[in-house]
Amino acid sequence: MHGYKVSTEYVEILESIIDGNTDAIYRAGVLAYENGDFETAEKFFESAKKAGDSYGYLGLDILAKDSGHAVLAKEYFREGLNAGNHRCLFELGVLAARAGDLEEAERFYLQASDYDIPEAMFNLGVINSDRGELEVAKHWYLRAAAHDYAGALINLGFLAQLENENDLMNSYWIQAQNLGDAVAMFNLGQLQAGSGNLREAERLFLAAATKGNADALQALLNLDRLGPEAILWLAGNGYESHVFGESDDS
C-alpha cells in the first residue's frame with residue numbers, strides 16, 4: 001500500500017478529475033510518481049494521454065527512461081512530440097547524449113531551444129564549453145539564465161571568474177542563490193570564508209547544507225566556533241560528535 005506524502009493534495013486532484021479536469025489526471029500521475037507508485041503513475045499518464053493531454057506522453061516518457069527502457073522511452077517521446085509536447089525534443093536529446101551521440105543530442109537541444117526550454121539551452125552551453133567555445137557557451141547560458149535557470153547562472157559565474165570579473169561572478173551567484181540554488185550558496189560561502197567573513201560563510205554553508213549540499217556540510221563542519229543555529233541543525237542531523245566532541249563512556 002503506497003502512502004502519499006500530501007494526502008489532501010491527492011484528494012483534491014481526484015476531485016478535480018471527477019469534475020472533468022483532464023490536467024488533474026497528469027498531476028495525479030506526477031504525485032504517484034513522486035511517491036514511488038510507478039504502476040499507478042503509469043495508469044494516470046495513460047489516461048491523460050487518452051484524454052488528449054500531451055503531458056501524458058511526457059509522464060510515460062520519464063517512467064520509461066527512469067526504468068532503463070531507452071527504446072521505449074524514445075517511442076514515447078516521439079509520440080509526445082507528434083502530440084505537440086515540444087519538451088520531448090529536450091528529452092530525446094538527453095537520450096541521445098546518454099547513448100553517446102552528442103551530434104544528435106545537440107540537434108535536438110537546438111530544436112528544443114526554439115521553444116524556450118531552458119534545460120536545452122543550458123546543455124548547449126555545456127556542450128560548447130566542453131569544446132572550448134566559451135563565447136558560444138556564454139550565449140546559451142545567458143539565454144537559459146533569462147528563464148531563471150540557476151545552473152546557467154552558476155556557470156556564467158565561473159566564466160566571469162576566468163575573466164577576472166569578480167563582481168560579475170558574484171552577481172551571477174547571488175542571482176542563483178535568490179533562486180534557492182545550494183551550489184550558489186556554497187560558492188558564495190567559500191568567497192566569504194576566503195575574505196575572513198566567517199559568520200556570513202557559516203550562514204551560507206548552513207543554508208546550502210540544509211538543501212543537501214555535501215560540500216557545504218563539510219565546510220560547515222570545518223568551521224570553528226559555530227553559532228547556535230548551526231549547532232542545533234548539526235546536532236539534529238546526527239553530527240553531535242562533531243559539535244560537542246566524542247563522548248567518553250569509559
Next on the checklist: Take the conditions in a helix (DSSP H, G or I), among the small types (Gly, Ala, Ser) and surrounded by 15 or more Cβ atoms within 10 Å (Cβ to Cβ) and apply them to ALA152. Does it pass?
Outcome noted: yes
Checklist outcome for this item: Of the residues in region 81-93, those that are crowded, with 19+ Cβ neighbours inside 10 Å, part of a helix (DSSP H, G or I) and not acidic (Asp, Glu) come to LEU81, ARG87, CYS88, LEU89, PHE90, LEU92, GLY93
Checklist entry - For ALA137, all conditions in the list (1) out of contact with any Gly (no Cβ under 9 Å at 6 or more places or on another chain); (2) closer than 18 Å to VAL183 by Cβ; (3) free of Cβ contacts under 8 Å to residues at least 24 places away in the same chain; (4) of a type outside the set (Val, Ile, Thr) hold save one; what is the number of the exception? => result (1)
Next on the checklist: Show the residue pairs meeting these rules: Cβ distance below 6 Å; 6+ apart or different chains; first residue within region 184-196 and assigned to a helix (DSSP H, G or I); second residue among the small types (Gly, Ala, Ser).
Outcome noted: ALA184/ALA176; MET185/ALA207; MET185/ALA208; PHE186/ALA208; PHE186/ALA216; GLY189/ALA201; GLN192/ALA201; ALA193/ALA201
Checklist entry - Residues in region 66-85: is at least one closer than 20 Å to PHE38 by Cβ, at pLDDT below 85, in contact with an Asp or Glu (Cβ under 8 Å, 6 or more places away or on another chain) and of a type in the set (A, V, I, L, M)? => result yes
Item to check | Which listed residue is surrounded by fewer than 21 Cβ atoms within 10 Å (Cβ to Cβ) and of a type outside the set (S, T, N, Q), from GLY189, GLY212 | outcome: GLY212
Next on the checklist: Just to be sure I understand, how many residues within region 135-149 are under 11 Å from ASP116 (Cα atoms) and surrounded by fewer than 19 Cβ atoms within 10 Å (Cβ to Cβ)?
Outcome noted: 2
Checklist entry - Among the residues of region 140-147, is there at least one that is at pLDDT 95 or above, under 19 Å from the mean Cα position of the chain (by Cα) and assigned to a loop (DSSP other than H, G, I, E, B)? => result yes
Checklist entry - Failed condition for MET121, given (1) touching a Lys or Arg at 6+ places or on another chain (Cβ under 7 Å); (2) modelled with pLDDT under 95; (3) of a type outside the set (Phe, Trp, Tyr); (4) buried (at least 21 other Cβ atoms within 10 Å of the Cβ), with all others met? => result (2)
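The values are calculated or read from the model by the stated rules, or taken from the named source; none is laboratory data. From a predicted model like this one, the values you see are computed outputs, not experimental measurements. Using ideal geometry, Cβ is built from the backbone for each residue, glycine included, and neighbour counts are taken over all protein chains shown.
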